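Report on one structure; see the data block that follows.
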Amino acid sequence: MNIAWTYEHKTYTLSNGVRYKPDFLLETGEYVEIKGVFNFQYDLAKIQRFESEYNVKVSILQEKDLRRLIKPTPFVFEHLKQEWKARTKVRGMDNFGKRNPMYGVTQSESTKAKIRAKAKARFEDPAFREKFLNSPKRKAYHQSRIGKKTGTLVPRISLICEICQRSFEVVQHKASKRRFCSKHCSIQAQHGKTSMTDSGIRSLTYAFALTNSEQLFSAKLNQLKDIFQPLLDSIKKEYNILDIRTICQIVVGIPCSRKEFLYHLRSYVQNVRGATTN
Ligand SMILES: [Zn+2]
């Protein structure tokens with residue numbers, strides 16, 4: 001969105017002694033905090049205290065906000081999320097497995113005893129006991145455990161996926177909303193949408209570098225805008241990305257200037273030429 005930012009720029013100490021490090025500082029002077037559902041409630045008081053003590057504005061973004069922000073861009077939220085997950089070494093991203101914050105954490109014996117005692121005390125109450133033992137949910141659970149289906153299945157409607165043409169089944173009230181069989185197909189359907197490691201943009205760029213290699217090696221630095229223009233036009237046409245920094249991020253791996261982009265393409269051409277002459 002063409003706003004410059006710094007990540008985890010500084011740690012602040014609040015008047016109650018709590019330390020707080022906002023996620024992002026924007027060039028506009030505003031702070032941005034990215035929060036999951038669980039730590040949102042927990043951290044809210046801290047963030048509000050920071051806002052009032054330092055007289056600043058903090059925007060808290062949750063996943064739904066990020067999805068909304070990314071919608072008009074050429075990027076696909078799921079792609080970015082997967083790339084980010086693959087790159088980060090931090091725990092706490094996943095619902096299960098090694099990156100879940102509770103992975104390998106067990107309750108202590110005293111905590112287990114407390115939970116047991118609480119459950120026992122609750123069960124002493126005859127009203128609770130009655131309700132618990134006759135709960136339809138509990139009965140259904142037991143039925144399913146012994147392999148018996150509970151109740152009749154809701155009728156399904158068969159639809160054809162608009163991307164892979166396979167048929168899939170949905171419950172009636174979702175039939176009007178579903179067009180694709182899977183998340184995979186729905187991402188495929190977002191035409192022109194891309195990711196931060198898009199191989200299509202890379203191959204467009206490298207093909208351009210090979211075709212225009214003479215120009216790239218003789219180029220003066222003040223001509224770079226004109227030289228790269230045809231490439232940017234074709235990327236714009238296919239992917240709707242205009243920003244050279246974003247294109248650099250995708251091709252080189254970091255957002256860089258036209259000059260660094262040029263050097264990257266030159267060394268690519270040299271590598272390819274070197275490999276073929278050998
Ligand atoms: Zn499909």
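Taking the conditions exactly as written (open to solvent by 70 Å² or more (accessible area, probe 1.4 Å) and within 16 Å of the ligand (Cβ to nearest atom)), does Lys149 satisfy them or not? No; evaluated as a whole, the condition is false for this residue. Within the range 187-200, is even one residue more than 16 Å from the ligand (Cβ to nearest atom), of a type in the set (Ser, Thr, Tyr) and farther than 20 Å from Lys81 by Cβ? Checked against the condition, which is being more than 16 Å from the ligand (Cβ to nearest atom), of a type in the set (Ser, Thr, Tyr) and farther than 20 Å from Lys81 by Cβ, the range 187-200 yields no hits at all.
Could you please let me know if Phe180 is at pLDDT 90 or above and touching an Asp or Glu at 6+ places or on another chain (Cβ under 7 Å)? Answer is yes for this residue.
If I ask for residues that are in a helix (DSSP H, G or I), open to solvent by 60 Å² or more (accessible area, probe 1.4 Å) and free of Cβ contacts under 8 Å to residues at least 24 places away in the same chain, which ones from the range 203-227 would you list? Scanning the range 203-227 gives Ser203, Thr211, Glu214, Gln215, Ser218, Asn222, Gln223, Asp226. Under the condition of being aromatic (Phe, Trp, Tyr) and free of Cβ contacts under 8 Å to residues at least 40 places away in the same chain, which residue from the range 228-266 is farthest from Asp198 (Cα to Cα)? So the residue we want is Tyr263. Between Tyr239, Tyr268, the distinction of being of a type in the set (Ser, Thr, Tyr) and in contact with a Gly (Cβ under 8 Å, 6 or more places away or on another chain) belongs to Tyr239 only.
If you go through the range 152-202 and keep only what is part of a helix (DSSP H, G or I) and surrounded by 11 or more Cβ atoms within 10 Å (Cβ to Cβ), you end up with Lys174, His184, Cys185, Ser186, Ile187, Gln188, Gly200, Ile201, Arg202.
Checking every residue in the range 169-182 against the condition of being closer than 27 Å to Ala86 by Cα and either away from the ligand (no atom under 16 Å from the Cβ) or of a type outside the set (A, V, I, L, M, F, W, C) (or both) gives at least one match.
Yes/no per residue for (1) under 30 Å from Glu238 (Cα atoms); (2) at pLDDT below 85:
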position: Thr13; (1), (2): no, no
position: Leu25; (1), (2): no, no
position: Tyr42; (1), (2): no, yes
position: Val58; (1), (2): no, no
position: Val76; (1), (2): yes, yes
position: Lys89; (1), (2): no, yes
position: Asn95; (1), (2): no, yes
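Listed by position, the strands (runs of 3 or more DSSP E) contained in the range 1-98 that have at least 3 residues being of a type in the set (A, V, I, L, M) are 58-61.
The values are calculated or read from the model by the stated rules, or taken from the named source; none is laboratory data. This structure is a prediction, so every number in the text was calculated from the model and none was measured. Here the Cβ is made from the backbone with ideal geometry for all residues, glycine too, and neighbour counts use every protein chain on show. For the accessible areas, the whole protein counts, side chains as well, though only heavy atoms, and no ligand, DNA or RNA atoms are used. Shrake-Rupley method; radii C 1.70, N 1.55, O 1.52, S 1.80 Å.
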